[in-house]
Protein chains: 2
Amino acid sequence: MKKIFTTIFALQALLVFSQEQEKMIRQIYDNALSKSKCYGWLDHLSNKIGARLSGSAGAEKAIQYTKAQLETLGLDRVYLQEVMVPHWVRGEKESAYIQVGKEKTSVSICALGGSVATPKNGIAAQVIEVKHLEELAQLGAEKLKGKIVFYNRPFETGNIEAFVSYGHAVDQRYLGAREASKYGAVGTIVRSMNFRLDDFPHTGAQSYGDIPVSQYIPTAAISTNGAELLSKKLKENPKLTFWFKQSCETLPEVLSYNVIGEIKGSEHPENVMIVGGHLDSWDLADGAHDDGAGVVQSMEVLHLLKKIGYRPKNTIRVVLFMNEENGGRGGEKYQAAAQVNNENHIFAMESDSGGFSPRGFSFEGDDEAMKKAMNFKSLFEPYQLHIFEKGHTGSDIAPLTGKQLLKAGLRPDSQRYFDYHHAATDTFDAINKRELELGAAAMASLIYLMDL
Amino acid sequence: MKKIFTTIFALQALLVFSQEQEKMIRQIYDNALSKSKCYGWLDHLSNKIGARLSGSAGAEKAIQYTKAQLETLGLDRVYLQEVMVPHWVRGEKESAYIQVGKEKTSVSICALGGSVATPKNGIAAQVIEVKHLEELAQLGAEKLKGKIVFYNRPFETGNIEAFVSYGHAVDQRYLGAREASKYGAVGTIVRSMNFRLDDFPHTGAQSYGDIPVSQYIPTAAISTNGAELLSKKLKENPKLTFWFKQSCETLPEVLSYNVIGEIKGSEHPENVMIVGGHLDSWDLADGAHDDGAGVVQSMEVLHLLKKIGYRPKNTIRVVLFMNEENGGRGGEKYQAAAQVNNENHIFAMESDSGGFSPRGFSFEGDDEAMKKAMNFKSLFEPYQLHIFEKGHTGSDIAPLTGKQLLKAGLRPDSQRYFDYHHAATDTFDAINKRELELGAAAMASLIYLMDL
């Protein structure tokens, strides 16, 4: 009999506990959807500051702005963490055309991040179209020497998660120039990383790896419409000429910062939970989705916790990382400093997949940590978050380590993301206020649950 | 021993059956994401035809276009079903201003569907702002006579499903004029049915119900920014004047059509399954989301089934309903004809919630039919459809009856819908190709499963 009563009592306690959790999450969502600051912050970051490539004036302004905003939230500490970052600049707007006989057809291109410039008058050469890096070895130096290699493998359409298609195509952008250079190619043109047929070239990081500097060749992305046109014209005239000109360059490294705000833990201040996004963006637009959204959502998490008067047991930090796009220095620096300071990170969450309707979370962690996260799944169903699964969480939190560290990444709906990613279209008007707020609410709810 | 073998055999059969289902759904999705026609159809409907309000030239063109397109799909039968529809026209673009002393501030309004015109020179009157219809009785004729009633209850922000907020606000639009007229008001202005603060007024149906024609008063929607401004100015000057002018009118009814395409069932041709959307739209834009998306997705379902060579056991019909927006005549006519022809409808699905990323389905039906639908839920999880629940399915299929009839409604992500709904913003550029295709694939998959 006593045992039965004990069980009933335990069940009741569990029920009260779970009702308390439900109530808190409801409160977080209500505040996020009516009193949040994230949309206004993103408006400022996008429309008053704009592009924030590492080392740029925009990046510096974004550091000062977000620091100042965090200072208004009544946190226990707001500070900057020094980090040296690469400083690549695009220079003049690129130009390119396809030449068949005397007929020149202009196409939209943009230099890839880290690329070298062409000579002042540009480069003109015949074009070899390939779909896969592996084709280079088959073609060999004989066919590739002096040529421009044109990587034209489109996104696979069949994947439901758009990031899978990106992952299966992005080797062309990241490794294309490095590999083509080995066979004597003079430049590479890469089909933009998106599904949609449009006129916007999408930039992004590329790496020459360890090839000698003398073998660096200029590399650019071409819009998907441009890629379709070039491919069509190549079928008609395999000997056509492609000309392009870009004046980008890599300047000396620059001192920059991660921006950090913190609420001290009331019971276990030594345990640290972080939520973050990256403050830098590419240079072609405002970076509203990549990753302005993640930045303001992460700031909003701390705003919401303060708003509802929640006092966390563990220390909670917002970290706005610098230099995710072309170096990852901010994430590395944060981890190095955590090691030096002997900090115990138990949870890290990143939002860097756009500001769209949240669909769930990806997790990385050991089985026990995963099990804890999975227990919360049903609490998110009323908020239309259903995806709770293992997977990539975030580039900036990738270097972070810790015993029993669980990592989470917000999973917004991915279908529209590559319409904007790294292109001139990634602007504030592509953001929906409620979608942004729902993401922030989901993140704040998960932080709250993980703090218990 | 024999019993064990029988069980194993039955389980194996079940497994093979379920693998076959998985394979078919994969095939449907692969085709939808690479070889579908729906995006091109919607481009034509939106950009070549445009607005399709019942009785308009656009509606007639849309009937002819969709019929012609269905005729290219190799269906067993394509036909038109006559239906008489109301014919309301907006006339000249509306104008409105707030007047304080000699200062006039223009605001964006649009007549609500079915409204009468103002006198030629417009109407000017003092304004009474209310949040709820119930306030009218408290204010009484003394305070409302000769006034313009301004309904200004915003969408509730806390609901996760945007349609819930719409449902809780739309009485102001649908019943506002009818109720205010009873107290002698001379006109009503209704805050637009959306979350976002912007300058676009949203039209939509309103009904004078059974009040005498002589008591019909003009009613218009005001943009959310306009509503905020009017409310602010009313606080400063409760005696300000609002002036508005509109020249809309209701013309005699017009002969129009539902467009129907059919694949005859190979085993049970007498059992009918339908999939549809509504071909009419409001007049302020292309109606790309409402409901061009549902129309082309429904057509795509039959295209996909033909494409993969699926021969349905039951008769499958696409029904493009006329006049959902301001009368619902198409849905009523379809049901009446089904009764006359003694047709046995076993399944009806509608897509009329926008062309956004599909999140699942709502269902209406008895327990047994619901159970059948729920059994398929796990098959949709790899495609990121998670919502399978009871709820509203579609206005056009609402009149339809049948023994054991199960109804389903596609549930796209709802956050952005009311940025476009019934406003000048509902254009083709707000459509994402993959989101549209994923909806069509989900619908085709459910039709295929329900056919088994």
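Any chance region A:254-271 includes a residue that's part of a loop (DSSP other than H, G, I, E, B), outside the structural domain of A:Leu133 (by TED's automatic domain parsing), in contact (Cβ under 8 Å) with a residue 12 or more places away in the chain and crowded, with 17+ Cβ neighbours inside 10 Å?
Within region A:254-271, one or more residues are part of a loop (DSSP other than H, G, I, E, B), outside the structural domain of A:Leu133 (by TED's automatic domain parsing), in contact (Cβ under 8 Å) with a residue 12 or more places away in the chain and crowded, with 17+ Cβ neighbours inside 10 Å.
If you take the residues of region B:164-193 that are crowded, with 18+ Cβ neighbours inside 10 Å and among the charged types (D, E, K, R), which of them is farthest from the other protein chains (Cβ to nearest Cβ)?
Looking at residues that are crowded, with 18+ Cβ neighbours inside 10 Å and among the charged types (D, E, K, R), I get B:Arg178.
Quick one: would you say B:Tyr151 is farther than 30 Å from B:Phe361 by Cα, of a type in the set (Ser, Thr, Tyr) and more than 14 Å from every other protein chain (Cβ to nearest Cβ)?
For B:Tyr151, the condition - farther than 30 Å from B:Phe361 by Cα, of a type in the set (Ser, Thr, Tyr) and more than 14 Å from every other protein chain (Cβ to nearest Cβ) - is met.
Only one of these conditions is not met by B:Ile346: (1) within 23 Å of B:Val259 (Cβ to Cβ); (2) within 11 Å of chain A (Cβ to nearest Cβ); (3) β-branched (Val, Ile, Thr). Which number is it?
Every listed condition holds for B:Ile346 apart from (2).
Between residues in region A:26-37 that are within 8 Å of chain B (Cβ to nearest Cβ) and residues that are polar (S, T, N, Q) and surrounded by fewer than 20 Cβ atoms within 10 Å (Cβ to Cβ), which pairs lie under 6 Å by C-beta distance while being six or more apart or on different chains?
Final answer for the pair search is A:Leu33/B:Thr157; A:Ser34/B:Thr157.
Look through B:Glu253, B:Glu262, B:Glu179 and report the one residue that is more than 24 Å from the chain's Cα centre (by Cα) and either at positive phi or not polar (S, T, N, Q) (or both).
When all the criteria are applied, what remains is B:Glu179.
Return yes or no: is A:Leu284 touching an Asp or Glu at 6+ places or on another chain (Cβ under 9 Å), surrounded by fewer than 23 Cβ atoms within 10 Å (Cβ to Cβ), touching a residue at least 24 places away in the same chain (Cβ under 8 Å) and not basic (Lys, Arg)?
Yes, satisfied.
Based on what the data block shows, is B:Ala369 more than 14 Å from chain A (Cβ to nearest Cβ) and under 16 Å from B:Thr393 (Cβ atoms)?
The answer is yes for B:Ala369.
Scan region A:336-361 residue by residue and report those that are among the polar types (S, T, N, Q) and buried (at least 20 other Cβ atoms within 10 Å of the Cβ).
A:Ser351, A:Ser353, A:Ser357
In region A:235-253, what residues are in a loop (DSSP other than H, G, I, E, B) and charged (D, E, K, R)?
A:Lys239 - this is the single residue of region A:235-253 that is in a loop (DSSP other than H, G, I, E, B) and charged (D, E, K, R).
Filter region B:392-435 for residues that are under 22 Å from B:Met322 (Cα atoms), within 11 Å of another protein chain (Cβ to nearest Cβ), charged (D, E, K, R) and touching a helix residue (DSSP H, G or I) at 6+ places or on another chain (Cβ under 6 Å) and give the result.
none
When you check A:Lys232 against the structure, is it out of contact with any strand residue (DSSP E or B) (no Cβ under 9 Å at 6 or more places or on another chain), in the same structural domain as A:Ala125 (by TED's automatic domain parsing) and on the phi < 0 side of the Ramachandran plot, yes or no?
Considered against the rule, which asks whether it is out of contact with any strand residue (DSSP E or B) (no Cβ under 9 Å at 6 or more places or on another chain), in the same structural domain as A:Ala125 (by TED's automatic domain parsing) and on the phi < 0 side of the Ramachandran plot, A:Lys232 comes out as yes.
Tell me, yes or no, whether region A:203-218 has at least one residue that is under 28 Å from A:Lys102 (Cβ atoms), within 14 Å of chain B (Cβ to nearest Cβ) and of a type outside the set (A, V, I, L, M).
Scanning region A:203-218, I find no residue that is under 28 Å from A:Lys102 (Cβ atoms), within 14 Å of chain B (Cβ to nearest Cβ) and of a type outside the set (A, V, I, L, M), so the answer is no.
Among the listed residues A:Glu129, A:Glu161, which satisfies the condition of being touching a strand residue (DSSP E or B) at 6+ places or on another chain (Cβ under 9 Å) and within 14 Å of chain B (Cβ to nearest Cβ)?
A:Glu161
With A:Pro358, A:Pro382 as the choices, which residue is touching a Pro at 6+ places or on another chain (Cβ under 6 Å) and within 14 Å of chain B (Cβ to nearest Cβ)?
Being touching a Pro at 6+ places or on another chain (Cβ under 6 Å) and within 14 Å of chain B (Cβ to nearest Cβ) holds for just one of A:Pro358, A:Pro382, which is A:Pro358.
Can you pull out the residues in region B:205-242 that are of a type in the set (Phe, Trp, Tyr) and surrounded by fewer than 20 Cβ atoms within 10 Å (Cβ to Cβ)?
Within region B:205-242, B:Tyr208, B:Tyr216 qualify.
Checking the condition within 14 Å of chain A (Cβ to nearest Cβ), surrounded by fewer than 22 Cβ atoms within 10 Å (Cβ to Cβ) and under 21 Å from the mean Cα position of the chain (by Cα), which residue from B:Glu364, B:Glu389 passes?
Exactly one of B:Glu364, B:Glu389 is within 14 Å of chain A (Cβ to nearest Cβ), surrounded by fewer than 22 Cβ atoms within 10 Å (Cβ to Cβ) and under 21 Å from the mean Cα position of the chain (by Cα), namely B:Glu389.
The values are calculated or read from the model by the stated rules, or taken from the named source; none is laboratory data. These numbers were taken from a predicted model, which means no experiment stands behind them. Virtual Cβ from ideal backbone geometry, glycine too; neighbours counted across all protein chains shown.
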